[in-house]
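Laboratory data are not the source of any read-out in this text; all were calculated from the coordinates shown. None of these values were measured; they are calculated from a predicted model. Backbone-built Cβ (ideal geometry, glycine too); neighbour counts: all protein chains shown.
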Amino acid sequence: MAYPTEGVFGLGCDPTNDAAIHALLELKNRRIDRGFILIAANQSQLQPYIGSLSNEVAAKLQNSWPGPITWILPCSDIASSAVTGGNPTIATRVTDHPIAAALCDACNSAIISTSANISGEPACTEAGAVASLFGSKLSYILDYPVGNLEGPTPIFDGLTGNQLR
C-alpha cells in the first residue's frame with residue numbers, strides 16, 4: 001500500500017507480517033539490514049515496539065510528536081529483525097499527516113513506513129508517480145497530497161539527540 005506522509009509518499013505494511021515485509025524489501029530492492037520506520041497515529045500504537053526509555057528521552061518524544069520527526073529508539077523483543085534491520089533499535093514516528101494517521105487508526109496499529117521509491121532513488125511525492133513506478137505491484141494507493149515537509153522526515157538518535165538524516 002502507498003500513502004502520503006509529511007513530505008513524501010510512503011509504502012507500508014503490517015510490521016508483524018514477515019511475508020509482507022519481505023515483499024516490500026523486494027519491491028524497493030532494499031537490503032534487509034537497513035530496517036524500516038514505524039509510524040503511528042499515537043504513541044500507544046508504537047509502545048509495543050519500543051524498549052525502556054529514560055524520562056529525558058520520553059520528554060523529547062512528547063515535545064516532538066505528533067510531528068515530522070523520526071526517532072531511533074531502543075526496540076522491544078516484539079520488534080521483528082526484518083523491521084529493525086537486525087539492530088537493537090527501531091525508527092519510530094507519531095505522524096501528523098491526517099491520512100497516514102487515519103490509516104494507522106484504521107489498522108489500530110503502527111505500520112511500516114518507507115519512502116515510495118526504488119532504494120537509493122528519489123522518493124515519489126505524488127500518487128501518479130507512485131502508480132507509474134510500481135503499477136499493479138501495490139495493493140492500493142491512497143491518492144491524497146503529501147504534507148508541507150520538503151522530502152523525508154529528519155531522523156534523530158533518541159539517546160544522543162544527534163541528527164542522522
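Applying the condition of being in a strand (DSSP E or B) and out of contact with any Gly (no Cβ under 8 Å at 6 or more places or on another chain) to segment 1-52 and asking which residue is farthest from Ser113 (Cα to Cα) yields Ile50. Of everything in segment 65-97 that's within 14 Å of the chain's Cα centre (by Cα) and charged (D, E, K, R), which residue is surrounded by the most Cβ atoms within 10 Å (Cβ to Cβ)? Selected residue: Arg93. Note on segment 79-93: residues that are more than 15 Å from Leu149 (Cα to Cα) and in contact with a strand residue (DSSP E or B) (Cβ under 7 Å, 6 or more places away or on another chain) total 8. Going through (1) over 19 Å from Ser44 (Cα atoms); (2) polar (S, T, N, Q); (3) surrounded by fewer than 15 Cβ atoms within 10 Å (Cβ to Cβ) one by one, Gln62 falls short only on (1). Filtered by the rule that a residue be among the aliphatic types (A, V, I, L, M) and touching a Gly at 6+ places or on another chain (Cβ under 9 Å), segment 100-132 gives Ala100, Leu103, Ile111, Ile112, Ala116, Ala123.
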